[in-house]
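Trainee: Pasting a structure below so you can have a look.
Where a number appears in this text, it was derived from the coordinates with a stated rule and is not lab data. Keep in mind the model is a prediction, meaning the values are calculated, not measured. Here the Cβ is made from the backbone with ideal geometry for all residues, glycine too, and neighbour counts use every protein chain on show.
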């Protein structure tokens, strides 16, 4: 029954699911925000997430160490970020096309490695939930917000940290300057290429961590193409959030709650076609981009290669 969606139990279930499902969005979107603030558009986030997801899963499966899996996923993401930086910063490749190329590479390589190295469905023990003392005992909402696994806490903690770095530190000032006017930044002694390499590697690292959070913290399994477009939604969230970490957080929660809603629609057996429920987050992506692009201003040097005069 559709009326079941409006019960308090389902509402709390959607909220609990939304908090957890926001984790991969936050890691990937914050990393992409840093990259775009320096002028680099990375459409290969999805491929980086897939490679991070598989690497983290495979390492955790074979070592029985979740943290080694996380580090391995981050390392692979960093390497892909470095490669993306080389192609776009040094070779001056068109950023959109090269990003799609890295997405296709990540998609194909993760599928190939899974078939060669794993072959069948395997599971790993995921990160346990950690109930924060005292505040997790708050009635109703304490268990939802403060009884999550460690990567959920890290994802939400990343938002204020990234806001502080971008707005209150010299490094953040340099990143913003390079993204707005690289020629002026260069004239003041800022290494444009170095800053852009840093942000693309950071973005790749966080995308790899995003994939790891999917495979060994949320689902505890790797499936081919398991990101299902979340990397592209992460890019869209940067636009939605106007390149600000707090805006990215709001967008990530919105999309994850919609994702949680469509999962509950299927669980409750509500007579809505499952295909319609599944496409809800992607329809929302189109609507949000259409509504937000006319109201926000991108970094002036976004997608523009830099050459010293």
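Trainee: How many Å³ per residue does the convex hull of the Cα positions in segment 2-292 occupy?
Mentor: For segment 2-292, the hull spanned by Cα atoms encloses 137 Å³ per residue.
Trainee: Something else now. Applying 1/(1 + (r/R0)^6) with R0 = 30 Å to the Cβ-Cβ distance of residue 266 and residue 64, what FRET efficiency is obtained, to the nearest 0.05?
Mentor: Working from the Cβ atoms, E equals 0.35.
Trainee: Could you please rank 199, 278, placing first whichever residue has the fewest other Cβ atoms within 10 Å of its Cβ? Walk me through the numbers before you get to the answer.
Mentor: Details: 199 27, 278 15.
Least crowded to most crowded, the residues run 278, 199.
Trainee: Which of 134, 219 comes first, and how do the rest follow, when ranked by fewest Cβ neighbours within 10 Å?
Mentor: Starting with the residue having the fewest Cβ neighbours, the order is 134, 219.
Trainee: Can you put 180, 46, 122, 32 in order of Cβ neighbours within 10 angstrom, beginning with the fewest? Working shown, then result.
Mentor: Values: 180 16, 46 29, 122 13, 32 33.
In order of increasing Cβ crowding within 10 Å: 122, 180, 46, 32.
Trainee: Taking Rh as the Kirkwood radius computed over C-alpha pairs, what is the Stokes-Einstein D of segment 22-140 at 25 °C in a medium of viscosity 0.890 mPa s, expressed in µm² per second?
Mentor: Translational diffusion coefficient: 154 µm²/s.
Trainee: Another question about this same structure. In nm, to one decimal, how far is the modelled label at residue 161 from the one at residue 113, with both set 7 Å along Cα→Cβ?
Mentor: Between residue 161 and residue 113, the label points sit 2.3 nm apart.
Trainee: Okay, moving on. Roughly speaking, what is the stretch gain from residue 131 to residue 150, that is 0.36 nm per residue apart minus the C-alpha to C-alpha distance, in nm to one decimal?
Mentor: Result: 5.8 nm gained on full extension.
Trainee: If I take R0 = 22 Å and measure r between the Cβ atoms of residue 289 and residue 104 in this structure, what FRET efficiency does the formula 1/(1 + (r/R0)^6) give, to the nearest 0.05?
Mentor: On the way: r = 22 Å, r/R0 = 1.00.
Once rounded, the FRET efficiency stands at 0.50.
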